[in-house]
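Trainee: Below is a structure I'd like to ask you about.
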Amino acid sequence: METENRKDDTHVSTDKLDRKWIDVNIPCSAACPVMTDIPGYIQAIKEGDYEKAYHINRMENILPGVLGRVCDRPCEPACRHGWDGLGDPVSICFLKRAAADFGMKPVCAEIKPNGKNVCIIGAGPAGLTAANDLALKGYGVTILEQFDQPGGMLRYGIPQFRLPHDVVTEDVKSITDLGVTIKTNVRIENTGRIEELRKDYDAVILAGGCANPKHTTLPGVDSKGAYWGLDFMIAANREELDIPLENVIVIGGGFTAVDCTRMSYRMGAKKITLAYRRMKKDMYVGAHELEVMESEGIDTISLVSAVTILSNDEGVVTGVEFIHNSINEERKIAPISGSEFVMEADTVIFAVGQEADDKVAETENAVRKSVFYVAGDFRNGSSTVIEAVADGRKVAREVHMQLSNIKGFKETIHISEVKDTGRKRDYDFIPIQHMDTTPMRNRQIKNMEVETGYSKEKSVTEAKRCYLCHYNYQIDISRCIYCLACIDVMPVDCIKMAKDIEVTEDGNLNYVETKNWSEVEAITIDNDKCIRCGNCVRACPVDCISISKYKLETEEEK
Ligand SMILES: Cc1cc2nc3c(=O)[nH]c(=O)nc-3n(C[C@H](O)[C@H](O)[C@H](O)COP(=O)(O)OP(=O)(O)OC[C@H]3O[C@@H](n4cnc5c(N)ncnc54)[C@H](O)[C@@H]3O)c2cc1C
Ligand code: SF4
Ligand code: SF4
Ligand code: SF4
């Protein structure tokens, strides 16, 4: 069921101003690396249509069950609901998870095979996304994966208490259902082997991720009881790590570091400290990750760098010598001489970054010779799941352009007139809906998911908070009779009297506001303030206020 009730046919625009309208007025989508239609799926949840919400998400997100749990959420700080005076941002990511939890359905697509075949090395988010997009275009796609299961860091890096393996399996299945073949336990060792593969396939994409931990040469790093963060997580996730943990120090400030602390907690460590060389706010993880970590009793010390790993006569770790750092206005850090101090520990985990495997990395030359394409973290360095998905899509498009007759891809804006959005003023007073979590007494159960998901009821309540920024309210000033009925019923300061209309350098219209009735030249709606309640439309006696819905699509350019 759609509340919006379309008036007439959709108008398809390629006008730069319409494209810009989307970036300016739908800030959540604009901040998402794949431009997910966020208000589109939130509105579907509000209407209880989880299958539609899942489908909208699946178009861009590819892995909605996964991303609904672990996306680093660049959309949420951009959300209009979080702007000054408007409260908390909408829980966009939790709603994505609700769409997957309650609405996941196989992708129905009519695929016409085009006779061409592509090989992808690596079954992480980048490889899987490229496979999905190319399969939908009719390519035969084979993924070669060195591990025994697909998923990349989704399965072997991110722990199950944040992302259960069955969620990864389900999202991967929605891609293999399209006819993609995944061959596991196949490792491609070097560029020569890729060149051989190139003879059997029309294109080869290397999406090998950053599967090697970055090493440091700190004194004592080889002591017994010192581990590399990624190796620690991979072994723990593969159930291959059985070591007694008591007093653990994790050095680093990203996803892997935080996961190492939380995994140590689940493996029985009594005291765990995260040590980071910069400030807490500089850590490369979401604020919510740090909150949950700290709720599990893990301490953080910031602005410190490790100097030496201390060990006893048997070469077993006994502690870490640190030095305090200062940070200047340009964000540069410097050690403060004489500020060294020692912290005791029996285990030290270095989680100071990951890098691509250089055995298969003579990439620059090979890419230049068009032998193969490179995607995801392998190309960009360690990033995030959604960045890897975006890059997988980008590279799939490059391959498709190379192997087909299309000129490229173009963005179109689909604009449809609607009568009502179904949004009400009351929704502005709904508080943010918090995620339920596993009680603390169960947190040490290693693979038990901590965030348990929204109920249907909670997800509908949270969805109502969204302003549905994809609706554009406009007054046709040629028909407006300046009766001000709309201003009488406005719930917030959303309709303005303007004395002049200026055209800005980038071609936008800027209304110059006035409070003086004798100067009024136009009545205009401020979409930044509009809460999409429709009061003005209902009050207008001459029906001169229109509502149109904006949706971005990408189409092939023939
Ligand atoms: C511990 C940890 C926690 C993280 N947490 C988050 C998080 O919460 N949110 C977030 O957004 N991001 C997180 N990340 C980052 C995110 O997982 C990665 O950015 C993302 O998985 C990169 O995708 P990718 O497809 O490029 O590479 P990967 O996921 O690394 O996948 C690459 C795949 O290629 C395979 N491969 C590599 N070399 C070969 C070869 N020679 N032959 C065959 N196969 C090969 C690998 O086995 C792997 O399966 C985390 C990373 C780690 C390590
Ligand atoms: S209110 Fe809704 S549509 Fe607007 S920015 Fe936030 S999530 Fe996006
Ligand atoms: S729909 Fe009309 S009355 Fe309601 S907030 Fe928007 S401009 Fe104001
Ligand atoms: S109610 Fe309609 S006619 Fe009256 S001022 Fe508003 S837009 Fe103009």
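Trainee: May I ask you to list the residues in the range 473-522 that are within 11 Å of ligand 3 (Cβ to nearest atom), of a type in the set (Asp, Glu) and either more than 35 Å from the chain's Cα centre (by Cα) or within 16 Å of residue 541 (Cα to Cα) (or both)?
Mentor: Matches in the range 473-522: 488 only.
Trainee: Let me ask something else. Give the number of residues within the range 283-301 that are in contact (Cβ under 8 Å) with a residue 40 or more places away in the chain and out of contact with any strand residue (DSSP E or B) (no Cβ under 8 Å at 6 or more places or on another chain).
Mentor: Summing the residues that are in contact (Cβ under 8 Å) with a residue 40 or more places away in the chain and out of contact with any strand residue (DSSP E or B) (no Cβ under 8 Å at 6 or more places or on another chain) in the range 283-301 gives 3.
Results for (1) under 26 Å from residue 195 (Cβ atoms); (2) in contact (Cβ under 8 Å) with a residue 60 or more places away in the chain, shown as yes or no for each residue.
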| position | (1), (2) |
| --- | --- |
| 95 | no, yes |
| 101 | no, yes |
| 104 | no, yes |
| 107 | no, yes |
| 112 | no, no |
| 117 | yes, yes |
| 124 | yes, yes |
| 129 | yes, yes |
| 135 | yes, no |
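Trainee: Test residue 231 against the criterion of being within 30 Å of residue 313 (Cβ to Cβ), of a type in the set (Asp, Glu) and away from ligand 4 (no atom under 16 Å from the Cβ), and give yes or no.
Mentor: yes
Trainee: While we're here: For the range 30-63, enumerate the residues that are over 14 Å from residue 95 (Cα atoms) and not in a loop (DSSP other than H, G, I, E, B).
Mentor: Passing the criteria: 30, 31, 59, 60.
Trainee: Where residues in the range 529-558 are within 16 Å of ligand 3 (Cβ to nearest atom) and part of a strand (DSSP E or B), which of them is farthest from the chain's Cα centre (by Cα)?
Mentor: 545
Trainee: Taking residue 51, is it of a type in the set (Asp, Glu) and in contact with a helix residue (DSSP H, G or I) (Cβ under 8 Å, 6 or more places away or on another chain)?
Mentor: For residue 51, the condition - of a type in the set (Asp, Glu) and in contact with a helix residue (DSSP H, G or I) (Cβ under 8 Å, 6 or more places away or on another chain) - is met.
Trainee: Continuing with the same structure: Quick check: anything in the range 105-115 farther than 28 Å from residue 154 by Cβ and surrounded by 15 or more Cβ atoms within 10 Å (Cβ to Cβ)? Quick ask: steps written out before the conclusion?
Mentor: Let us first name the residues in the range 105-115 that are farther than 28 Å from residue 154 by Cβ, namely 110, 112-115.
Subset that is surrounded by 15 or more Cβ atoms within 10 Å (Cβ to Cβ): 114.
Yes.
Trainee: Checking residue 91 against (1) in the same structural domain as residue 431 (by TED's automatic domain parsing); (2) over 20 Å from the mean Cα position of the chain (by Cα); (3) at pLDDT 95 or above; (4) small (Gly, Ala, Ser): exactly one of these is not met. Which one?
Mentor: All conditions are met except number (2).
Trainee: Going through the range 68-97 one residue at a time, which ones are out of contact with any Lys or Arg (no Cβ under 8 Å at 6 or more places or on another chain) and either outside any loop (DSSP other than H, G, I, E, B) or within 13 Å of ligand 1 (Cβ to nearest atom) (or both)?
Mentor: Residues satisfying the conditions are 72, 73, 74, 75, 76, 77, 78, 80, 82, 94, 95, 96.
Trainee: So which residues in the range 515-528 are touching a Lys or Arg at 6+ places or on another chain (Cβ under 9 Å), closer than 15 Å to residue 474 by Cβ and part of a loop (DSSP other than H, G, I, E, B), if there are any at all? Full working, then the answer.
Mentor: Residues of the range 515-528 touching a Lys or Arg at 6+ places or on another chain (Cβ under 9 Å): 516, 519-526, 528.
Okay, now just the ones that are also closer than 15 Å to residue 474 by Cβ, so 522-526, 528.
Result: 526, 528.
Trainee: Which of the following residues is surrounded by fewer than 19 Cβ atoms within 10 Å (Cβ to Cβ) and either at pLDDT below 90 or polar (S, T, N, Q) (or both): 553, 505? Full working, then the answer.
Mentor: Working: 553 fails: either at pLDDT below 90 or polar (S, T, N, Q) (or both).
Within the list 553, 505, the selection yields 505.
Trainee: Restricting the range 133-165 to residues that are in contact with a strand residue (DSSP E or B) (Cβ under 7 Å, 6 or more places away or on another chain) and β-branched (Val, Ile, Thr), which is farthest from ligand 1 (Cβ to nearest atom)? Break it down stepwise before answering.
Mentor: Narrowing the range 133-165 to residues in contact with a strand residue (DSSP E or B) (Cβ under 7 Å, 6 or more places away or on another chain): 134-135, 139-145, 150.
Now drop any that are not β-branched (Val, Ile, Thr), which leaves 141-143.
Details: 141: 15, 142: 12, 143: 9 Å.
Filtering first and then ranking leaves 141.
Trainee: Here is a list: 456, 446, 499, 464. Which entry is surrounded by 13 or more Cβ atoms within 10 Å (Cβ to Cβ) and within 16 Å of ligand 2 (Cβ to nearest atom)?
Mentor: Criteria check complete, one pass: 464.
Trainee: Also: If I ask for residues that are part of a helix (DSSP H, G or I), polar (S, T, N, Q) and either over 17 Å from residue 556 (Cα atoms) or under 12 Å from the mean Cα position of the chain (by Cα) (or both), which ones from the range 374-403 would you list? Can you show your working first?
Mentor: First pass over the range 374-403, keeping only residues part of a helix (DSSP H, G or I): 377-380, 385-403.
With the extra rule that they be polar (S, T, N, Q), the set shrinks to 380, 402.
The answer is 380, and nothing else.
The values are calculated or read from the model by the stated rules, or taken from the named source; none is laboratory data. Here the structure is a predicted model, which means the values were calculated and not measured. Reconstructed Cβ throughout: ideal geometry from the backbone, glycine too, with neighbour counts over all protein chains shown.
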